[in-house]
There are 4 protein chains.
Amino acid sequence: MASAQAVSDQITSAFSNLPRSQKLVARFVVDNQYFVAFASVAEVAQKAGVSAATVVRFCQTLGYEGYPHLQAAIRQGFSRFMTTAQRLEERLTAPVSEDDVLAQAFSTDINNIKYTIELIDPVTFRAAVDEISRAAAILVVGGGISAPPALFLSHSLQVIGFPVRVVTSGGIPLSLELSALKPGDLLICIGFWRYFREAVATMRWAREVGVTRIAITDSEVSPLAQLADYAFVTTTDSIGHSVSPLASIALVDAFVAALSFRRPEKTLAALRKVDMAYNESNLLLEG
Amino acid sequence: MASAQAVSDQITSAFSNLPRSQKLVARFVVDNQYFVAFASVAEVAQKAGVSAATVVRFCQTLGYEGYPHLQAAIRQGFSRFMTTAQRLEERLTAPVSEDDVLAQAFSTDINNIKYTIELIDPVTFRAAVDEISRAAAILVVGGGISAPPALFLSHSLQVIGFPVRVVTSGGIPLSLELSALKPGDLLICIGFWRYFREAVATMRWAREVGVTRIAITDSEVSPLAQLADYAFVTTTDSIGHSVSPLASIALVDAFVAALSFRRPEKTLAALRKVDMAYNESNLLLEG
Amino acid sequence: MASAQAVSDQITSAFSNLPRSQKLVARFVVDNQYFVAFASVAEVAQKAGVSAATVVRFCQTLGYEGYPHLQAAIRQGFSRFMTTAQRLEERLTAPVSEDDVLAQAFSTDINNIKYTIELIDPVTFRAAVDEISRAAAILVVGGGISAPPALFLSHSLQVIGFPVRVVTSGGIPLSLELSALKPGDLLICIGFWRYFREAVATMRWAREVGVTRIAITDSEVSPLAQLADYAFVTTTDSIGHSVSPLASIALVDAFVAALSFRRPEKTLAALRKVDMAYNESNLLLEG
Amino acid sequence: MASAQAVSDQITSAFSNLPRSQKLVARFVVDNQYFVAFASVAEVAQKAGVSAATVVRFCQTLGYEGYPHLQAAIRQGFSRFMTTAQRLEERLTAPVSEDDVLAQAFSTDINNIKYTIELIDPVTFRAAVDEISRAAAILVVGGGISAPPALFLSHSLQVIGFPVRVVTSGGIPLSLELSALKPGDLLICIGFWRYFREAVATMRWAREVGVTRIAITDSEVSPLAQLADYAFVTTTDSIGHSVSPLASIALVDAFVAALSFRRPEKTLAALRKVDMAYNESNLLLEG
């Protein structure tokens, strides 16, 4: 399987012989492989300041049939763009010893949090807190590996008194929630590679309806980020075969804390009602 | 509200005047406040090597009506033993400025992970991986703030081919799952302060049926830990009003990685089937 | 096991020797066994026009230790008050032959519908339709055997544009929904023998909060009916070991039809949005 | 909108002038409009004993551009093939008065049950009971209006001790369940017009894996019936805008009764365990 390095090396060694306009493409591609993994030929052309035809010729000079073939090679280079089965196969070529699993898993998670805090813009964070505070109704969407942060967010918002609904599976329940979205509502969509088609369709529907959209995702060029008013990129590295939602859990916790500090009286009133309801149902071991 | 320090200080200043047997109780209580927060008078007496009557007299010497009153004071000293409303009230006396929420939330989470890795015993971890590997059927239980790690665990186990069921709410669905548990099955119960009565009842039922029990919880003396064959203590600090399940998400990720490295062929076969099913349903944006 | 007839026979044969005031109790009990199965001693005394002491003496004259013991005998007389295991044991003494299961099951269901239509008061039906039409928010609650009609109602209401939420399990999700109920909201609670404690607690909470309550249940003296503003009694006979929610499904369908005829424009607008959302997600085989 | 009668009338008035081979098609179409609503041109040709070209010429003789256009006209003729919005629009041209809603709804339901009992073949019923009895694992699938009978079936099977799982929404959860299906398992899929794409894909996947399939649906030519080993057709008429799952609820109750009579000891043991679990959790108002 090609590594990200492989495509870069290929471009680098071909670089000196490229015509000037293709050199512009070459530089852009090497510096923006993540973007190229998702962008159309027109987008790459525009960013690189050349024509689409030049981008295609660049691909052919490198020996690819066309732009999609270069793009596929770049995607293959990112382990996060593999299927889970491909990822595990790669992991198994140099598996972590069982004694080291714990240490490596937790150190990967510390890095996930450290990288993510650098990726979060405090101004965007505050703006998103504003949007959540004033939304008429909030819909949280996240399935599969994104269901845990989606549930954590919706549960926490419900506990502190927000009008929130959550959908962790697609199909009919999601369609019914979408059909009820109105301007003034807020959609918070959580999704990581491999992006689910329905998550993207959800963002698109919300945009058409005029609903504000927050995305919690794993790349600035993820389709969810591109459809969002406010996008939060979290790092999702895992030593296992899949991606980890851990950093998004940290982000959700920060959102919930900021929201409760922002409107303390409403939050306290809501928490006290929840305590009353828990007591009424005798749910807790210690009252 | 009394702080944990307050009770310690009270005991320390009374210490020199205590009779010898009460000094044994005093030392034990100061050193084991978490344990005392949950233990019965008989348990404290046994651990301290004195009679139950001595423990009661010690409480009265300090000015408490009896053991439950000392215990209540100790519990009050731990912010994690407050209701969520009480916690938020305390936070609001010295709220984190909105600019600092992100930084403090993420640094709290890094500490959660660092502390938790020290609390996990690798031998117990491997033993739990063994139990999960050989279980005839696995039931994962976790509600409220514990639902996200419960879902993350059950989803990940299902994806790599384990026979797992999950219950994130109590009542009828939980009772039906319990009624079907058999020896050879495995229960993984996730719960943090404030412990839900049904989570504890679930562990007790499983013990009676002869089902192996793993607990992911927040204290060695939590009722879930005490009913478990294998208990994993995670740190759950949050700058908000509630507790954070973040470290348990990290632990679950480590479990899933260890399980997939342990039986790579079965895992790969399961992942490939899931990929096929996703493709068949055209679920993914990129096949 | 005592039959309902058994207690009646016992009272009838003792009748002539009873003092006059106990005769009043005797007549009331024979005529209102369903009511007595749930009523307190004070309620029976009041309805029969005697003192509570007279009711107790009546019980003792018949040979029962007290009122609860008479009540228990009456309950045993109704097969619907048995546990499901007891019901099945009774069924198995004279099982339906497999060839007759289909015919008997369907003829029991026709009777369920015929009896239920006689039990529904059209005026109460229209009043309930009014309440649903004007509710600010609707919470539908039903677990176990009541989950199917609860889901059918909430799904149908959501499709035609009502602001509805549903809880089909107890515990935390139900408590959170309860904590958010406000005056102006509407609770629709569905529950049959054996009544779940949480369903009753839900009705009680809603009453305290000042929320209008509709019950769909199986007896006018069911605890849900007694806590409701509008109670609908459906017949739940089944040839199997449990009760059947079939007649409640019929009732729900009537509610949904009446609601859509009541506000056709809103209904059409909602249905068209749902169709759009289904098409957008390509959910249907035939667009 | 064309009525079913309209197409029949059109064919009837053209009949005498048709060539002999097209008369064969004409007769087949008039007698089998439901089949034609779904069948391919090849299937109609084969059933009518003519060539596909003859079927196409027949359509053109009637004035349709081709076979799909005749098929569309036939579908339009069935109100059950309308979208829910179209159905409601038609209903509103002659709405049921609110006073009559209850009576008409319940009499429609009695007819649903009467028609359905005639449509169920007792031999197929017993064969399906056999399959459920011996399945290694049972997956029940039904979304939207089919979720209530799906839940009723899975809950009832779980209570009497069957190894059953249920999926009431599509997307990831359904795909994960499908990925785990093995020969020896049983799929019970419930779906009515408008058929959901994922329900059909589920049946197809199960067939490829070699899993036995039971369909509960609304027409012998529904795509679910065509993919099933055992198909049960229920009538789904409703006075409202949608279809009613009521008759399928009756069918499920018959299945559950037959299964509990078939293996009384296992059923009783399971019911007693459920009673124990309910008592342990103190779920019931009356123990």
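Listed by chain and number, the aspartates and glutamates whose C-alpha is less than 17 Å from the C-alpha of A:Lys47, apart from same-chain residues fewer than 8 away, are A:Asp31, A:Glu220.
With label points set 7 Å from Cα along Cα→Cβ, the inter-copy distances at D:Pro19 are 6.1, 10.2, 11.8 nm, sorted shortest first.
The calculated 222 nm mean residue ellipticity attributable to helices in chain D amounts to -19000 deg cm²/dmol, summing -39500 (n - 2.57) over DSSP H runs of n ≥ 4 and dividing by all residues. Comparing mean-square fluctuations of B:Ala105, B:Ala94, B:Ala147 from a GNM of chain B with C-alpha springs under 10 Å, the top value falls on B:Ala94. With the label put 7 angstrom out from Cα along the Cα-to-Cβ vector, C:Glu98 ends up 4.8, 5.1, 7.0 nm from the copy partners, going from closest to farthest. Of all the C-alpha pairs in segment C:4-77, what % are more than 18 Å from each other? So the pairs more than 18 Å apart make up 25 percent of the total in segment C:4-77.
Of all lysines in the structure, those lying under 23 Å Cα to Cα from A:Lys273, and not within fewer than 8 positions of it along the same chain, are C:Lys182. Averaging Cα coordinates gives a centre for segment A:156-190 and one for segment A:18-68; these two points are 39 Å apart.
Decide, for chain D, between rounded, prolate and oblate: order the square roots of the alpha carbon gyration tensor eigenvalues as a ≥ b ≥ c, take rounded if a/c falls under 1.5, and otherwise choose prolate if a/b is larger than b/c, else oblate. Prolate shape, in that a/c is at least 1.5 and a/b is the bigger ratio. DSSP bridge analysis restricted to the protein assembly as shown gives an antiparallel fraction near 5%, rounded to the nearest 5. The C-alpha atoms of chain C define a longest principal axis, and helix C:246-262 lies at about 50 degrees to it. Axis angle, to the nearest 10 degrees, between helix B:84-93 and the longest C-alpha principal axis of chain B: 70 degrees.
Label-point distances for C:Ala42 to the equivalent site in the other copies, using a point 7 angstrom along Cα→C-beta, read 3.9, 7.7, 7.8 nm when ranked shortest first. How many angstrom lie between the Cα centre of segment B:236-287 and the Cα centre of segment C:218-287? Value for the Cα centre distance between the two parts: 37 Å. Given Cα pairs under 8 Å that are at least 6 residues apart, what percent is the relative contact order of segment C:155-287? The value is 21 percent. Across A:Leu151, A:Leu187, A:Leu119, mean-square fluctuation computed from a Gaussian network of chain A (C-alpha pairs under 10 Å connected) peaks at A:Leu119. The residue among B:Ser244, B:Ala147, B:Pro163 whose Cα reaches farthest toward the positive pole of the charge dipole of segment B:106-280, with charges on the beta-carbon of Lys, Arg, Asp and Glu, is B:Pro163. Copy D relates to copy B by a rotation, and the D residue whose beta-carbon is nearest that axis, with the distance in whole angstrom, is D:Arg165, 4. Taken one residue at a time, the phi angles of segment C:219-224 give Karplus couplings (6.51, -1.76, 1.60, θ = phi - 60°) of 6, 5, 9, 5, x, 5 Hz. Gly and Pro are set to x.
For B:Ile188, the residues whose modelled amide H falls within less than 5 Å of its own, excluding neighbours fewer than 5 places apart on the same chain, are B:Leu139, B:Val140, B:Val141, B:Ile214. Considering only A:Ala206, A:Ala37, A:Ala52, the Gaussian network model of chain A with Cα springs below 10 Å gives its largest mean-square fluctuation to A:Ala52. Once C-alpha pairs closer than 8 Å and six or more residues apart are averaged by separation and normalised to the residue number of chain C, the relative contact order reads 17 percent. Between helix C:122-134 and chain C there is an angle of about 40 degrees, using the helix long axis and the longest principal axis of the Cα atoms. For D:Lys114, the aspartates and glutamates whose Cα comes closer than 16 Å to its Cα, not counting residues fewer than 8 places off in the same chain, are C:Asp100, C:Asp109, D:Asp218, D:Asp237, D:Asp253.
Take every Cα pair under 8 Å whose residues are at least 6 apart in sequence, average their separation, divide by the length of segment D:1-154, and the relative contact order is 19 percent.
Distant-in-sequence amide contacts of A:Phe232, defined by a placed amide H-H separation under 5 Å and a gap of 5 or more residues or a different chain, comprise A:Ala215, A:Ile216, A:Thr217.
Quick check: from the Cα gyration tensor, does segment A:192-254 come out rounded (a/c under 1.5), prolate or oblate? Judged from the Cα gyration tensor, segment A:192-254 comes out prolate (a/c at least 1.5, a/b above b/c).
Rule-based calculations on the coordinates, nothing more; no lab input. Computed from a predicted model, the values in this text were never measured in an experiment. We place every Cβ from the backbone using ideal geometry, glycine too, and count neighbours over all the protein chains shown.
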